[in-house]
Ligand SMILES: [Zn+2]
Ligand SMILES: [Zn+2]
């Protein structure tokens, strides 16, 4: 199944991960749930750390040959839900020209993302509804309608729970 994320962009840019860390970043990850472990660079490792929020810090380098890692990310079905430039903190669309812009010197920043540089990205899996999910959702709607028909709509009165007094108050 092809991914929505065009992982080939990284392949075409001949970028390779030099160092990867499981790391949340602002404003996408508040709080940062990352375990801050430096990771072995393969798709399985990324997948194993998704439970820690899905944020990763990437130190990239421009290589002479494209890196196979990006192909394996695509085969694993991983999707980028956010890509942020580590220099200017802008959200970067996944395309060759736009990422290429952030690999150059930034006029507005002292630091430069040359020869690769620092990015942050968030990974996840695309939650495309399967036909089974669809059927189940329709079934649930049908059940809800049946229940509504059978019962008179008498909503229970929900009283807000009294707030616990703060200790020492
Ligand atoms: Zn982790
Ligand atoms: Zn940038």
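The values are calculated or read from the model by the stated rules, or taken from the named source; none is laboratory data. Note that this is a predicted model, so its numbers are computed, not measured. No Cβ is skipped: glycine too gets one built from the backbone with ideal geometry, and neighbour counts run over all protein chains shown.
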Evaluate the stretch 37-45: report whether one residue or more is at pLDDT 95 or above and more than 16 Å from ligand 2 (Cβ to nearest atom). yes
For residue 23, are the conditions met, namely being surrounded by 20 or more Cβ atoms within 10 Å (Cβ to Cβ) and under 16 Å from residue 120 (Cα atoms)? yes
Going by the structure shown, is residue 112 loosely packed, with under 14 Cβ neighbours inside 10 Å and either touching a helix residue (DSSP H, G or I) at 6+ places or on another chain (Cβ under 7 Å) or modelled with pLDDT under 90 (or both)? yes
Looking at the stretch 1-31, which of its residues are within 17 Å of residue 52 (Cβ to Cβ), touching a strand residue (DSSP E or B) at 6+ places or on another chain (Cβ under 7 Å) and part of a loop (DSSP other than H, G, I, E, B)? 23, 24, 25, 28, 29
For residues in the stretch 89-104 being assigned to a loop (DSSP other than H, G, I, E, B) and touching a helix residue (DSSP H, G or I) at 6+ places or on another chain (Cβ under 7 Å), which is farthest from residue 58 (Cα to Cα)? 95
Where residues in the stretch 35-46 are part of a helix (DSSP H, G or I) and crowded, with 16+ Cβ neighbours inside 10 Å, which of them is farthest from ligand 1 (Cβ to nearest atom)? 43
When you check residue 29 against the structure, is it away from ligand 2 (no atom under 16 Å from the Cβ) and either surrounded by 15 or more Cβ atoms within 10 Å (Cβ to Cβ) or within 16 Å of residue 11 (Cβ to Cβ) (or both), yes or no? yes
Within the stretch 47-65, work out how many residues are touching a strand residue (DSSP E or B) at 6+ places or on another chain (Cβ under 8 Å), more than 9 Å from ligand 1 (Cβ to nearest atom) and assigned to a loop (DSSP other than H, G, I, E, B). 2
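Of everything in the stretch 54-72, what is more than 16 Å from ligand 2 (Cβ to nearest atom) and at pLDDT below 95? Give them in sequence order.
61, 63, 64, 65, 66, 67, 68, 69, 70, 71, 72
So that you can scan it fast, the table gives a plain yes or no per residue for (1) under 21 Å from the mean Cα position of the chain (by Cα); (2) within 16 Å of ligand 2 (Cβ to nearest atom); (3) surrounded by fewer than 17 Cβ atoms within 10 Å (Cβ to Cβ); (4) at pLDDT below 90:
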residue: 91; (1), (2), (3), (4): yes, yes, yes, no
residue: 116; (1), (2), (3), (4): yes, yes, no, yes
residue: 121; (1), (2), (3), (4): yes, yes, no, no
residue: 151; (1), (2), (3), (4): no, no, yes, yes
residue: 162; (1), (2), (3), (4): no, no, yes, yes
Meets criteria (within 17 Å of residue 116 (Cα to Cα) and out of contact with any helix residue (DSSP H, G or I) (no Cβ under 6 Å at 6 or more places or on another chain)) for residue 31: no
